[in-house]
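Please read the structure below before turning to the comments.
The values are calculated or read from the model by the stated rules, or taken from the named source; none is laboratory data. None of the values given here were measured: they were computed from a predicted structure. Here the Cβ is made from the backbone with ideal geometry for all residues, glycine too, and neighbour counts use every protein chain on show.
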Amino acid sequence: MKVPYNYLPQQFSDNTILFEKWSELIASSEYTLGPYVENFEQKFAEYVGARFAIATNNGTDSLILALRSLRLDPGFEAIVPANTFYASAGAIVAAGGIPVFCDVDNRYQLDIESLHNLIGPKTKVILPVHWAGASPNMDQVIELANEKGLFVVEDACMGIGGSVLGKHPGTHGIIGAFSMHPLKSLNVIGDGGICVTDDPEVYSWMARYRNHGMRNRDEIEIFGVNMRIQPLQAVVAMLEMDKLDSILEQRRQNAALYDQCLQPIEAIKVPKREPWNLETFSLYMVLAEKRDLLVEHLNKRDIEVKIHYPIPLHKQVASKVHGLRNEKLQVVEDQAGKLVTIPVHQFLTREQLDYVIYEINEFYKAH
Ligand SMILES: *Cc1c(COP(=O)(O)O)cnc(C)c1O
């Protein structure tokens, strides 16, 4: 039996409505920004419970746009977990900042104590990541940020459709940044991203910076860039939003089955699920003993598993090149040798899920 990681051909197998909407868009010649983008921004802002939304090219641009909108002096430090996708740190560098990597807890989320210890005189930003679609305790992050006078910019790229402490990921700090990359919970057919904020000034700066700093066709107030979302993708996002909650419900059911069946295996550690955090399961990750052998075993049996990621950010060559701080981060480093990501997507059948569980059990019987 094959258990593929990629589910996109299935998700986009019936495109009748999409092609209708695209035909309408093509006929309208609204090819840059315009009503299709605005409608999506409005719908997204309502969905997450934010005042304003600005749609962008991709999640990385959303993070860069968010950080730039704070207009900090170059060389500011931003604290970010070391076990995230490259872009969380890359965006900080692109915005003129210096990433400072912090450790994580046993849910793979930013560790409050490590965060606390790393705050120094140059720290201006905390960049919590809603990693894998789970969330750190955002009340604690916000409380610490307020006490120290720091901005919180949330990397909620994997968090669309989740909930943490009664609010949507990305709506706790001053700005939340999201991705609509094909492998995120709300996905488009290519790249897309979006930022949200409740702050009208931040919103209006982001709106201008995204579009060359233009106030109108003839006047610019700042030198901006082009980070505009493609209206073609805004149309996809609009349609996919209607399916989002049912997609997530299916992924949560799959994850619950994995949790229940993998917990009894001594060599596997399933992360704690918190009642205050409704996860999106963009990734389903556990810690596994003999991880590399397990990965080999599963891949040989046509179960496509992945590792997110084997090398933490502070251990990457890029961090050396930039002369970033490189203290030991015990938990992140231990986890990097044990993490494994198992397919959890909404198109898996019960037979496929049972097969994955069976093969993991078989592996540990033999090892
Ligand atoms: C995907 C992702 C990004 C980058 O988003 P893109 O749309 O691929 O640019 C940034 N941070 C995290 C945590 C992500 O998962």
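In region 185-194, what residues are in a loop (DSSP other than H, G, I, E, B), more than 9 Å from the ligand (Cβ to nearest atom) and either of a type in the set (S, T, N, Q) or buried (at least 24 other Cβ atoms within 10 Å of the Cβ) (or both)?
Correct list: S185, L186, N187, V188.
If you take the residues of region 148-161 that are surrounded by fewer than 24 Cβ atoms within 10 Å (Cβ to Cβ) and either within 16 Å of the ligand (Cβ to nearest atom) or among the charged types (D, E, K, R) (or both), which of them is nearest to P200 (Cα to Cα)?
V152
Does G49 qualify as being crowded, with 24+ Cβ neighbours inside 10 Å, touching a residue at least 40 places away in the same chain (Cβ under 8 Å) and under 29 Å from V235 (Cβ atoms)?
When the stated conditions are applied, G49 does not pass them.
Where the second residue is in a loop (DSSP other than H, G, I, E, B) and away from the ligand (no atom under 16 Å from the Cβ) and the first is in contact (Cβ under 8 Å) with a residue 12 or more places away in the chain and within 10 Å of P169 (Cα to Cα) and lies in region 127-143, which pairs have Cβ atoms under 6 Å and are six or more apart or on separate chains?
Sorted first by the residue in region 127-143, then by its partner, the pairs are M138/L165.
Within region 311-346, track down each residue that is among the hydroxyl-bearing types (S, T, Y) and either without any contact (Cβ under 8 Å) to a residue 12 or more places away in the chain or not in a helix (DSSP H, G or I) (or both).
Of everything in region 311-346, just one residue is among the hydroxyl-bearing types (S, T, Y) and either without any contact (Cβ under 8 Å) to a residue 12 or more places away in the chain or not in a helix (DSSP H, G or I) (or both), namely T341.
Taking only region 183-208 into account, find how many residues are over 12 Å from the mean Cα position of the chain (by Cα) and at pLDDT below 95.
Here the count works out to 0.
Each row is one residue, and each column tells you yes or no for (1) under 21 Å from G224 (Cα atoms); (2) in contact (Cβ under 8 Å) with a residue 40 or more places away in the chain; (3) among the aromatic types (F, W, Y).
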position: V80; (1), (2), (3): no, yes, no
position: N83; (1), (2), (3): no, yes, no
position: A94; (1), (2), (3): yes, no, no
position: P99; (1), (2), (3): no, yes, no
position: C102; (1), (2), (3): no, yes, no
position: Y108; (1), (2), (3): no, yes, yes
position: E113; (1), (2), (3): no, no, no
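Being surrounded by fewer than 24 Cβ atoms within 10 Å (Cβ to Cβ), within 24 Å of H314 (Cβ to Cβ) and touching a residue at least 60 places away in the same chain (Cβ under 8 Å) is the requirement here; does F12 meet it?
no
Of everything in region 111-135, what is touching a helix residue (DSSP H, G or I) at 6+ places or on another chain (Cβ under 8 Å) and within 17 Å of A177 (Cα to Cα)? Give them in sequence order.
V125, I126, L127, P128, V129
Considering region 209-242 alone, what residues qualify as being within 15 Å of V37 (Cα to Cα) and either among the basic types (K, R) or modelled with pLDDT under 95 (or both)?
Across region 209-242, the qualifying residues are R210, R228.
Regarding region 24-36, can at least one residue be identified that is surrounded by 22 or more Cβ atoms within 10 Å (Cβ to Cβ) and not small (G, A, S)?
yes
Return the only residue of I160, I142 being of a type in the set (A, V, I, L, M, F, W, C) and within 27 Å of F76 (Cβ to Cβ).
Result of the check over I160, I142: I142.
Looking at L283, L248, which one is in contact (Cβ under 8 Å) with a residue 60 or more places away in the chain and out of contact with any strand residue (DSSP E or B) (no Cβ under 7 Å at 6 or more places or on another chain)?
Only one candidate passes the filter, namely L248.
Checking the structure you have, find out if any residue of region 209-223 is acidic (D, E) and assigned to a helix (DSSP H, G or I).
Among the residues of region 209-223, not one is acidic (D, E) and assigned to a helix (DSSP H, G or I), which makes the answer no.
Restricting to region 278-312, count the residues that are away from the ligand (no atom under 16 Å from the Cβ), of a type outside the set (A, V, I, L, M, F, W, C) and surrounded by 18 or more Cβ atoms within 10 Å (Cβ to Cβ).
Residues in region 278-312 being away from the ligand (no atom under 16 Å from the Cβ), of a type outside the set (A, V, I, L, M, F, W, C) and surrounded by 18 or more Cβ atoms within 10 Å (Cβ to Cβ): 2 in total.
Looking for whichever is charged (D, E, K, R) and part of a helix (DSSP H, G or I) here; the options are E296, E274. Which one fits?
The match here is E296.
Select, from Q335, Q263, Q316, Q330, the only residue that is under 26 Å from I247 (Cα atoms) and modelled with pLDDT of 95 or more.
From the options Q335, Q263, Q316, Q330, the qualifying one is Q263.
Results for (1) surrounded by 19 or more Cβ atoms within 10 Å (Cβ to Cβ); (2) within 19 Å of T84 (Cα to Cα); (3) within 12 Å of the ligand (Cβ to nearest atom), shown as yes or no for each residue.
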site	(1), (2), (3)
K167	no, no, no
S179	yes, yes, yes
L183	no, yes, yes
V196	yes, no, no
P200	no, no, no
R217	no, no, no
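Tally up the residues in region 145-182 that are within 15 Å of A91 (Cβ to Cβ) and among the acidic types (D, E), please.
Adding up the residues that qualify gives 2.
Being within 19 Å of the chain's Cα centre (by Cα) and charged (D, E, K, R) is the filter here, so list the residues in region 140-160 that pass it.
Hits for region 140-160 are E154, D155.
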